[in-house]
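See below for the structure under consideration.
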Amino acid sequence: MKKIILSTLVLFALASCKKESQKNDATTATDSISVTENTDATSSTFTSPEIAPEKIGDYLAKNNDTLYVTNFFATWCGPCMREIPHFKNKINELKGKPVKFTFVNLDEKSEWNGAVKKFANENGLAENIVLLDGQKLDENFFPKNFKQWDGGSIPFTYFRKGDKTEEFLGMMTEGELDKKINSLLQ
(Lines give C-alpha, C1' and ligand atoms only; values in the text may rest on other atoms or scores of the structure.)
Protein backbone atom coordinates (compact mmCIF):
# COMPACT_ATOMS: atom_id res chain seq x y z
CA MET A 1 0.00 0.00 0.00
CA LYS A 2 2.83 2.41 0.89
CA LYS A 3 4.49 1.71 -2.46
CA ILE A 4 1.28 2.56 -4.34
CA ILE A 5 0.80 5.77 -2.35
CA LEU A 6 4.45 6.81 -2.87
CA SER A 7 4.29 6.06 -6.59
CA THR A 8 1.06 8.03 -6.91
CA LEU A 9 2.58 10.94 -4.96
CA VAL A 10 5.71 10.97 -7.14
CA LEU A 11 3.66 10.82 -10.35
CA PHE A 12 1.32 13.57 -9.12
CA ALA A 13 4.24 15.81 -8.16
CA LEU A 14 5.98 15.23 -11.46
CA ALA A 15 2.75 15.87 -13.37
CA SER A 16 2.46 19.31 -11.77
CA CYS A 17 5.14 20.76 -14.08
CA LYS A 18 3.90 22.19 -17.37
CA LYS A 19 5.12 20.75 -20.64
CA GLU A 20 7.00 23.26 -22.76
CA SER A 21 8.54 22.99 -26.18
CA GLN A 22 12.30 22.73 -26.39
CA LYS A 23 14.32 24.89 -28.77
CA ASN A 24 16.69 23.02 -31.02
CA ASP A 25 20.34 23.69 -30.30
CA ALA A 26 22.93 22.55 -32.83
CA THR A 27 25.63 22.14 -30.17
CA THR A 28 26.17 18.52 -29.20
CA ALA A 29 28.18 17.07 -26.39
CA THR A 30 29.12 13.71 -24.99
CA ASP A 31 30.66 12.70 -21.70
CA SER A 32 32.97 10.10 -20.27
CA ILE A 33 35.33 10.60 -17.35
CA SER A 34 35.97 14.10 -18.62
CA VAL A 35 33.73 16.26 -20.74
CA THR A 36 34.37 16.10 -24.48
CA GLU A 37 32.53 17.54 -27.47
CA ASN A 38 30.99 15.58 -30.34
CA THR A 39 31.18 17.79 -33.43
CA ASP A 40 29.17 15.47 -35.72
CA ALA A 41 25.55 16.36 -34.93
CA THR A 42 24.21 13.89 -37.48
CA SER A 43 25.79 10.90 -35.71
CA SER A 44 23.79 11.47 -32.51
CA THR A 45 21.59 8.48 -31.77
CA PHE A 46 19.50 7.69 -28.76
CA THR A 47 21.50 5.22 -26.67
CA SER A 48 20.33 6.08 -23.16
CA PRO A 49 20.15 3.04 -20.89
CA GLU A 50 17.51 2.29 -18.28
CA ILE A 51 18.94 2.18 -14.77
CA ALA A 52 17.37 0.47 -11.78
CA PRO A 53 16.68 2.65 -8.69
CA GLU A 54 19.12 0.63 -6.58
CA LYS A 55 21.87 1.32 -9.14
CA ILE A 56 21.28 5.10 -9.00
CA GLY A 57 22.26 5.04 -5.33
CA ASP A 58 25.48 3.17 -6.16
CA TYR A 59 26.22 5.61 -8.98
CA LEU A 60 25.69 8.67 -6.75
CA ALA A 61 28.02 7.19 -4.13
CA LYS A 62 31.15 7.30 -6.32
CA ASN A 63 33.92 8.75 -4.20
CA ASN A 64 36.87 9.91 -6.32
CA ASP A 65 38.40 13.08 -7.79
CA THR A 66 35.79 13.46 -10.54
CA LEU A 67 32.96 15.95 -10.01
CA TYR A 68 29.65 14.21 -10.73
CA VAL A 69 26.76 16.51 -11.63
CA THR A 70 23.51 14.54 -11.73
CA ASN A 71 20.34 16.32 -12.83
CA PHE A 72 16.91 14.71 -12.43
CA PHE A 73 14.51 16.04 -15.09
CA ALA A 74 11.57 15.30 -17.38
CA THR A 75 10.94 16.57 -20.90
CA TRP A 76 7.48 17.87 -19.93
CA CYS A 77 8.85 19.96 -17.02
CA GLY A 78 9.17 23.63 -18.01
CA PRO A 79 11.77 24.58 -15.36
CA CYS A 80 13.81 21.50 -16.30
CA MET A 81 13.90 22.51 -19.96
CA ARG A 82 14.80 26.12 -19.11
CA GLU A 83 17.89 25.06 -17.14
CA ILE A 84 19.25 22.52 -19.68
CA PRO A 85 21.06 25.22 -21.76
CA HIS A 86 23.03 26.19 -18.62
CA PHE A 87 24.20 22.61 -18.22
CA LYS A 88 25.09 22.37 -21.90
CA ASN A 89 27.17 25.56 -21.59
CA LYS A 90 29.05 24.06 -18.62
CA ILE A 91 29.63 20.80 -20.50
CA ASN A 92 31.28 22.75 -23.31
CA GLU A 93 33.20 25.01 -20.92
CA LEU A 94 34.61 22.11 -18.89
CA LYS A 95 35.81 19.94 -21.78
CA GLY A 96 38.84 17.93 -20.69
CA LYS A 97 38.22 18.48 -16.96
CA PRO A 98 37.35 15.66 -14.52
CA VAL A 99 33.62 16.43 -14.57
CA LYS A 100 30.81 14.06 -15.52
CA PHE A 101 27.30 15.32 -16.28
CA THR A 102 24.42 12.85 -16.12
CA PHE A 103 20.76 13.60 -16.71
CA VAL A 104 18.34 11.15 -15.06
CA ASN A 105 15.11 11.20 -17.04
CA LEU A 106 11.89 10.68 -15.08
CA ASP A 107 9.43 10.68 -18.01
CA GLU A 108 6.96 7.81 -18.14
CA LYS A 109 8.37 4.72 -19.82
CA SER A 110 5.93 5.17 -22.71
CA GLU A 111 7.72 8.47 -23.60
CA TRP A 112 11.26 7.06 -23.72
CA ASN A 113 11.23 6.31 -27.46
CA GLY A 114 9.25 9.46 -28.31
CA ALA A 115 9.70 12.72 -26.40
CA VAL A 116 12.86 11.63 -24.55
CA LYS A 117 14.53 10.31 -27.70
CA LYS A 118 13.69 13.52 -29.57
CA PHE A 119 15.01 15.68 -26.71
CA ALA A 120 18.22 13.64 -26.40
CA ASN A 121 18.97 13.78 -30.11
CA GLU A 122 18.08 17.47 -30.57
CA ASN A 123 20.30 18.46 -27.66
CA GLY A 124 23.17 16.04 -28.25
CA LEU A 125 22.74 14.60 -24.76
CA ALA A 126 21.86 10.95 -25.51
CA GLU A 127 25.11 9.69 -24.01
CA ASN A 128 24.53 11.75 -20.86
CA ILE A 129 20.98 10.53 -20.18
CA VAL A 130 19.91 7.52 -18.15
CA LEU A 131 16.28 6.47 -17.86
CA LEU A 132 14.64 5.83 -14.48
CA ASP A 133 11.23 4.18 -14.25
CA GLY A 134 9.45 6.01 -11.42
CA GLN A 135 7.11 3.04 -10.97
CA LYS A 136 10.07 1.10 -9.54
CA LEU A 137 10.86 3.62 -6.77
CA ASP A 138 10.06 2.57 -3.23
CA GLU A 139 9.58 4.68 -0.10
CA ASN A 140 13.25 4.29 0.86
CA PHE A 141 14.74 5.62 -2.40
CA PHE A 142 14.72 9.34 -1.54
CA PRO A 143 15.80 9.29 2.13
CA LYS A 144 18.47 6.69 1.33
CA ASN A 145 20.05 8.80 -1.44
CA PHE A 146 19.34 12.46 -0.64
CA LYS A 147 19.25 14.84 2.31
CA GLN A 148 16.95 17.46 0.78
CA TRP A 149 14.95 15.86 -2.03
CA ASP A 150 11.83 13.84 -1.23
CA GLY A 151 10.85 13.32 -4.88
CA GLY A 152 8.03 15.84 -4.67
CA SER A 153 9.30 18.15 -7.40
CA ILE A 154 11.85 18.51 -10.17
CA PRO A 155 14.31 19.63 -11.38
CA PHE A 156 16.76 18.42 -8.78
CA THR A 157 20.56 18.44 -9.12
CA TYR A 158 22.98 16.40 -7.04
CA PHE A 159 26.71 17.22 -6.99
CA ARG A 160 29.44 14.94 -5.65
CA LYS A 161 33.21 15.19 -5.61
CA GLY A 162 34.99 12.84 -3.27
CA ASP A 163 33.17 12.96 0.04
CA LYS A 164 31.67 16.43 -0.61
CA THR A 165 28.06 16.60 -1.77
CA GLU A 166 25.70 19.43 -2.62
CA GLU A 167 22.01 19.35 -3.52
CA PHE A 168 19.92 21.91 -5.37
CA LEU A 169 16.13 21.63 -5.52
CA GLY A 170 14.44 23.64 -8.26
CA MET A 171 15.57 25.35 -11.44
CA MET A 172 19.16 26.55 -11.40
CA THR A 173 20.26 29.79 -12.99
CA GLU A 174 23.54 29.76 -14.86
CA GLY A 175 25.13 31.72 -11.99
CA GLU A 176 23.93 29.22 -9.38
CA LEU A 177 25.26 26.31 -11.45
CA ASP A 178 28.63 28.08 -11.90
CA LYS A 179 28.87 28.77 -8.17
CA LYS A 180 28.13 25.15 -7.17
CA ILE A 181 30.55 23.67 -9.71
CA ASN A 182 33.34 26.16 -8.98
CA SER A 183 33.09 25.56 -5.22
CA LEU A 184 33.44 21.81 -5.71
CA LEU A 185 36.25 22.01 -8.27
CA GLN A 186 38.51 23.95 -5.85
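The values are calculated or read from the model by the stated rules, or taken from the named source; none is laboratory data. Predicted model only: the values in this text are computed from it and were never measured. No Cβ is skipped: glycine too gets one built from the backbone with ideal geometry, and neighbour counts run over all protein chains shown. Quick note on the areas: whole protein, heavy atoms, side chains included, nothing else; ligands and nucleic acids left out. Shrake-Rupley method; radii C 1.70, N 1.55, O 1.52, S 1.80 Å.
Values computed for the structure shown
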| read-out | value |
| --- | --- |
| Residues (at pLDDT 90 or above, in a loop (DSSP other than H, G, I, E, B) and either open to solvent by 40 Å² or more (accessible area, probe 1.4 Å) or touching a His at 6+ places or on another chain (Cβ under 8 Å) (or both)) located in the range 152-182 | S153, M171, M172, T173 |
| Qualifying residue in the range 167-182 (condition: aromatic (F, W, Y) and within 15 Å of G57 (Cα to Cα)) | no |
| Test: residue in the range 123-134 that is of a type in the set (D, E, K, R) and not in a strand (DSSP E or B) | yes |
| Residue pairs meeting the criteria (Cβ under 6 Å; at least 6 apart or on separate chains; first over 17 Å from L131 (Cβ atoms), in the range 74-95; second of a type in the set (G, A, S) and crowded, with 20+ Cβ neighbours inside 10 Å) | I91/A29 |
| Hey, W149 within 30 Å of Q186 (Cα to Cα) and in a loop (DSSP other than H, G, I, E, B) or not | yes |
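Conditions tested, residue by residue: (1) open to solvent by less than 30 Å² (accessible area, probe 1.4 Å); (2) modelled with pLDDT of 90 or more; (3) of a type in the set (V, I, T).
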| residue | (1), (2), (3) |
| --- | --- |
| V99 | yes, yes, yes |
| T102 | yes, yes, yes |
| G114 | no, yes, no |
| N123 | yes, yes, no |
| I129 | yes, yes, yes |
| D133 | yes, no, no |
| K136 | no, no, no |
| P143 | no, yes, no |
